[in-house]
Amino acid sequence: MIKLGVSGACGKMGRRIIELAREDKNFEVVLALEKRGHPLSGKEFGGLKITSSPDSILLVDVLVDFSTPEATETNIDYVAKYKKALVLGTTGLNDNQIKKVQDISALVPVVFSPNMSVGVNVLFALLPEIAKRLGPDYSIEIIEAHHKMKKDAPSGTAKKMAQILKEATGQEIPTHAIRLGDIVGDHTVIFCGNSERIEIKHQAHSRDLFALGALKAAKWVAGKPAGLYSMQDVLR
């Protein structure tokens with residue numbers, strides 16, 4: 001059984017990951033971690049005491065982190081210190097924080113993805129093939145929409161799509177972000193030629209697909225050698 005810890009445990013994603021992990025016989029949830037000063041720190045959540053002590057990462061086999069860039073930066077120091085596996089879904093990391101994640105992957109196994117959805121990661125794999133087959137006569141743009149409380153814009157998923165397409169085409173890909181209501185997550189990639197338009201769209205109906213993807217990654221990464229992995233590795 002995998003001893004699981006969740007950072008960002010009181011957020012919408014963290015709560016759902018804990019709930020779904022408890023329904024899965026492969027996991028024992030042993031840690032609910034929140035940032036220092038969180039109002040629920042020290043209180044009970046579903047039989048777990050919420051803690052703000054990153055030293056508690058010692059208790060886990062795998063830490064799933066859907067927190068904030070600042071909290072993640074602290075957490076990865078302790079992941080490295082205690083040699084624990086990490087599934088990282090925090091978005092909005094800056095270049096220095098991403099470099100830090102890359103550095104600790106020399107010590108521990110890390111699955112790092114801006115989107116844990118199986119469907120989105122299949123789309124990541126397909127986009128370069130579509131772009132190459134259509135060729136330079138087709139312009140490409142990305143439109144993404146999320147709930148009004150999402151802080152980073154464009155989303156990590158949209159940035160990843162743009163990066164993948166830039167590598168395939170050599171062109172910068174314009175990306176447009178919308179923040180409205182309670183949209184879980186919509187991403188549309190538009191390929192437009194002179195006489196036709198192709199739109200590939202992914203819509204998230206609930207956060208469960210991200211939580212289930214993170215748990216799939218946690219099962220996969222447990223016991224893996226040190227290295228920086230993606231959801232593409234998990235799905236393969």
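Brief remarks follow.
- Entirely in the range 8-67, the strands (runs of 3 or more DSSP E) that have 2 or more residues that are modelled with pLDDT of 95 or more and of a type in the set (Val, Ile, Thr): 27-33, 62-65
- Residue 162 meets each of the listed conditions (1) touching a residue at least 40 places away in the same chain (Cβ under 8 Å); (2) under 18 Å from residue 113 (Cα atoms) apart from (1).
- Subset of the range 119-150 (residues that are of a type outside the set (Ser, Thr, Tyr), in contact with a Gly (Cβ under 6 Å, 6 or more places away or on another chain) and over 18 Å from residue 91 (Cβ atoms)): 137
- Within the range 77-123, the residues that satisfy the criterion of being of a type in the set (Gly, Ala, Ser), modelled with pLDDT of 95 or more and either in contact with a helix residue (DSSP H, G or I) (Cβ under 8 Å, 6 or more places away or on another chain) or part of a helix (DSSP H, G or I) (or both) are 80, 85.
- Going through (1) under 17 Å from residue 210 (Cβ atoms); (2) touching a strand residue (DSSP E or B) at 6+ places or on another chain (Cβ under 8 Å); (3) surrounded by fewer than 23 Cβ atoms within 10 Å (Cβ to Cβ) one by one, residue 12 falls short only on (2).
- In the range 124-138, residue nearest to the chain's Cα centre (by Cα) [restricted to those that are assigned to a helix (DSSP H, G or I) and not aliphatic (A, V, I, L, M)]: 124
- Among residues of the range 127-161, those that are among the hydrophobic types (A, V, I, L, M, F, W, C) and over 17 Å from residue 198 (Cβ atoms), counted: 4
- Residue satisfying condition, being within 15 Å of residue 216 (Cα to Cα), touching a residue at least 12 places away in the same chain (Cβ under 8 Å) and surrounded by 13 or more Cβ atoms within 10 Å (Cβ to Cβ), within set 62, 30: 62
- Condition broken by residue 141, with the remaining ones in (1) over 24 Å from residue 235 (Cα atoms); (2) assigned to a loop (DSSP other than H, G, I, E, B); (3) not polar (S, T, N, Q) satisfied: (2)
- When residues of the range 195-236 are limited to those that are modelled with pLDDT under 95, in contact with a Phe, Trp or Tyr (Cβ under 9 Å, 6 or more places away or on another chain) and not in a helix (DSSP H, G or I), the one surrounded by the fewest Cβ atoms within 10 Å (Cβ to Cβ): 230
The values are calculated or read from the model by the stated rules, or taken from the named source; none is laboratory data. Predicted, not measured: the structure shown is a model, and the values here were computed from it. So basically every Cβ, Gly included, is an ideal-geometry build from the backbone, and we count neighbours across all protein chains shown.
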